[in-house]
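Asker: Right, I'll just put the structure down here and ask away after.
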Amino acid sequence: MLSLFLTAALVANTLAAPAVVVGPRADTACTREALKAHAATLIAAQTAGKPDSIVALTGPDFVYTEDAKSADLAKGVLTLPLRIDHSRSIYDTTQCATYSEIISTDPKNPRVVGTQMRFDSSASKLTKIETLVTMQGDWLFNATATNMYASREDTLWTEIPEAQRDSRAVIQAAGDAYLDLFNNKSTVVPWGTPCQRLEGGAYTGRGSPSDSCNVGVPSGVPIVNRRYVIDEVLGTVDAFVTFASVPDSHEFRVEKGKLRLVHTLTVMRK
Ligand SMILES: *[C@@H]1O[C@H](CO)[C@@H](O)[C@H](O)[C@H]1NC(C)=O
Ligand SMILES: *[C@@H]1O[C@H](CO)[C@@H](O)[C@H](O)[C@H]1NC(C)=O
């Protein structure tokens, strides 16, 4: 009798549950503002060389990798104070994630760092950080050049008016087409014009309205294990990938479905 009663109560509770849970409450959703604040915390931590404020955000099953290898957040790149010359972040409220490009030309420790941070659905706890730390010895590394070209593009990586924004799917597809091209020359890539590619410290832009990113890529290179951060407001997708066998980031600015800017980071050191 008692167990029947309990069962009935449990069933009633279960049935009642959906009526109570009406989707994420506004104050616990993943907001752009929360993601911006977290990216700012990351930049401040890197500037100070103090990981504490980021460590304080980590959740119970937090995962950290540096150059695609498991590492200790409290002992990683955030312990290195960097005089940051330039940084730019994107915000993915759907996946509750950020990507930041961080450039330091400090002659003591020149670095170009790419960091993806992933949070729980309320943007309160970090579930994962993946970071790629490029320096001397990495693909076309030259922090001075990267800073010069990236800074010059500040007026291009701007918010896109709402009516002109592409969907997440369109933005990702443009980036994927570019990445697919390395292993399939038949891939139709939505090239935009002008388009500039910043690959390590090497820049394809000549400041001409006909600048193209269709300047050739190697062939027979599978680009796999793609982890995306997508920001429709900034028309940008960043993908952390395995480029043949090495850790790499490709970030794309997409406008009206077409590629306009490409930034890459590739870790070559073992
Ligand atoms: C790095 O780039 C800067 C700016 O383009 C250039 O002046 C410098 O020679 C480059 N350094 C190397 C080692 O290539
Ligand atoms: C290469 O790309 C073309 C065009 O998208 C596609 O039709 C074809 O199936 C692809 N080939 C392979 C091997 O994936």
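The values are calculated or read from the model by the stated rules, or taken from the named source; none is laboratory data. Just so you know, these numbers come straight off a predicted model, no measurement behind them. Cβ placement follows ideal geometry from the backbone for every residue including glycine, while neighbour counts extend to all protein chains displayed. These area figures cover heavy atoms from the full protein model, side chains too; ligands, DNA and RNA do not enter into them. Shrake-Rupley method; radii C 1.70, N 1.55, O 1.52, S 1.80 Å.
Asker: May I ask you to give the solvent-accessible area per residue for segment 162-266, in square angstrom, as obtained with a 1.4 angstrom probe?
Answerer: Working: 4200 Å² over 105 residues.
Normalised by residue count, the accessible surface of segment 162-266 is 40 Å².
Asker: For the chain, how big is the tail of P(r) above 29 Å, as a whole percent of Cα pairs? Before the final figure, lay out each step's value.
Answerer: Working: 12856 of 36315 pairs.
Tail fraction, whole percent: 35.
Asker: A follow-up question, please. What's the center-to-center distance, using Cα atoms, between segment 155-198 and segment 221-266 in Å?
Answerer: 9 Å
Asker: Moving to a separate point now. About the Cα centre, and with charges only on the beta carbon of Lys, Arg (+1) and Asp, Glu (-1), how big is the dipole of segment 32-152? Nearest 20 debye, please.
Answerer: Details: 13 positive and 13 negative charges, 47 e Å.
It comes to approximately 220 debye.
Asker: Given the protein chains as shown and a 1.4 Å probe, how many square angstrom of residue 139 are accessible, to the nearest 10?
Answerer: 110 Å²
Asker: Given the whole protein assembly as supplied and a 1.4 Å probe, what does the accessible area of residue 260 come to in Å², nearest 10?
Answerer: 60 Å²
Asker: For segment 147-270, which semi-axes, largest first and in whole Å, follow from the square roots of 5 times the eigenvalues of its Cα gyration tensor? List each step's numbers first, then the result.
Answerer: On the way: eigenvalues 90, 57, 43 Å².
Over the Cα atoms of segment 147-270, the semi-axes work out to 21, 17, 15 Å.
Asker: In addition: With viscosity set to 1.567 mPa s at 4 °C, what whole-number translational diffusion coefficient in µm²/s follows for segment 196-245 from Stokes-Einstein and a Kirkwood radius over Cα pairs? Could you put the intermediate results ahead of the total?
Answerer: On the way: Rh = 13.2 Å.
After rounding, the answer is 98 µm²/s.
Asker: Report residue 135's accessible area, 1.4 Å probe, all protein chains in place, as a number in Å² to the nearest 10.
Answerer: Approximately 50 Å² of residue 135 is accessible to the 1.4 Å probe.
Asker: At a 1.4 Å probe radius, carbon and sulfur cover how many percent of the accessible area of segment 32-152?
Answerer: Within segment 32-152, the accessible surface is 55 percent carbon and sulfur.
Asker: Let me ask another. Taking H as built 1.01 Å from N, whose amide H comes closer than 5 Å to the amide H of residue 255, not counting residues under 5 places away?
Answerer: Result for residue 255 returns 260.
Asker: Which number do you get for Rg(Cα) / (2.2 N^0.38 Å) in segment 143-185? The partial results should precede the final answer.
Answerer: On the way: Rg = 14.5 Å, N = 43, 2.2 N^0.38 = 9.2 Å.
Working it through for segment 143-185, the quotient is 1.58.
Asker: Could you work out the relative contact order of the chain, using alpha carbon pairs under 8 angstrom and six or more residues apart, expressed as a whole percent? Mind dumping the intermediate values first?
Answerer: Numbers: 553 pairs, mean separation 42.9, N = 270.
Once divided by the residue count of the chain, the mean separation gives 16 percent.
Asker: Further question on the same structure: Quick check of the Kirkwood formula: for segment 163-225, what is the inverse mean of 1/r over all pairs of different Cα atoms, in Å? Numbers along the way, then the final one.
Answerer: Details: mean 1/r = 0.0766 Å⁻¹.
Taking the inverse mean of 1/r over all distinct Cα pairs, segment 163-225 comes out at 13.1 Å.
Asker: If the viscosity is 1.002 mPa s and the temperature 20 °C, what Stokes-Einstein diffusion coefficient in µm²/s follows for segment 46-188 when Rh is the Kirkwood radius over Cα pairs? Each step should come with its number before you reach the end.
Answerer: Working: Rh = 17.1 Å.
Here the translational diffusion coefficient equals 126 µm²/s.
Asker: Would you compute, from DSSP H runs of 4+ residues alone, the mean residue ellipticity of the chain at 222 nm, taking -39500 (n - 2.57) per run and dividing by the full residue count, rounded to the nearest 500? Before the final figure, lay out each step's value.
Answerer: Working: 5 runs with 64 residues, N = 270.
Dividing the helical sum by the residues of the chain leaves -7500 deg cm²/dmol.
Asker: Another one. Kindly provide the Kirkwood hydrodynamic radius of segment 58-101 in Å, to one decimal, from all pairs of distinct alpha carbon atoms. It would help to have the intermediate numbers written out before the result.
Answerer: Details: mean 1/r = 0.0788 Å⁻¹.
Computed over Cα pairs of segment 58-101, the Kirkwood hydrodynamic radius comes out at 12.7 Å.
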